[in-house]
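Okay, so here's the structure we're looking at.
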Amino acid sequence: MAIGILGGRFDPPHVGHLALARAAVRQLGIDGLRVTVVADAGHKPAVAPAADRLAMARLAFPDATVELEEHAYTVDALQAYGYDDPYFVVGADQLADLPTWKEPQRVLELARLAVAARPGYAAPSGSDRIVVFELGPQDVSSTEIRERVRAGEPIEGLVVPAVAAYIASRGLYVR
């Protein structure tokens, strides 16, 4: 059984995250998707509280197992859970940052990196631990969504309706 892991801050989760997950599941034959919401990312702080980001991720990924991840670094999470050779799903931009990750070689020992090919990023070579799948352009970012909310602009089409409603009901990202 092929397991896929999609981890991140999800601050908030958006349609680009959904497209990434769906493309990986479809193209790599992933049987079970685990979405991990990092409580306190080691590289960049979140804006919304972890409980809100977890709730939004559950709304955005209703068909996946969605859990709060207490480990700040990918390598620590992978070591703690002891998966049997999972796919760790990332965008090409995250692959470019791999050398800055904590223990990147150990990450590659514990999981295969499933990398979404995007324009402007060279396909990786030299490792059988990195697999590439296709993903069309995704012109959306969590930063943009937070800025739009702060400016009072609509976010429809950038997040699923349930996430938009959650953001509005909780007053997230207005400051």
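Using the Cβ-Cβ distance between A165 and S127 with R0 set to 41 Å, the FRET efficiency works out to roughly 0.45. The value given for region 87-175 is a Kirkwood hydrodynamic radius of 15.4 Å, derived from the mean inverse Cα-Cα separation.
Calculated mean residue ellipticity at 222 nm for the chain: -10500 deg cm²/dmol, from DSSP H runs with n ≥ 4 weighted as -39500 (n - 2.57), summed, divided by the residue count and rounded to 500. As a length-normalised measure over Cα pairs under 8 Å and 6 or more apart, the relative contact order of the chain settles at 26 percent. Take every Cα pair under 8 Å whose residues are at least 6 apart in sequence, average their separation, divide by the length of region 56-135, and the relative contact order is 27 percent. For the residues V107, V163, V149, a GNM of the chain with alpha-carbon springs under 10 Å puts the largest fluctuation on V149. Region 142-168 and region 15-56 have Cα centres lying 17 Å from one another.
If you take all C-alpha pairs in region 3-138, what percent of them are over 26 Å apart? Don't jump to the answer; show the numbers that get you there.
Values: 1372 of 9180 pairs.
The share of Cα pairs beyond 26 Å in region 3-138 comes to 15 percent.
Taking 7 Å steps out from each Cα toward its Cβ at D63 and S141 produces label points 2.9 nm apart.
In this structure, M1 and D93 have a Cβ-Cβ separation that, at R0 = 25 Å, corresponds to a calculated FRET efficiency of about 0.30.
Values in this text are rule-based calculations from the coordinates and carry no lab data. Please read all numbers here as calculations on a predicted model, not as lab measurements. Ideal geometry is used to build each Cβ from the backbone, glycine not excepted, and the neighbour counts take in all protein chains shown.
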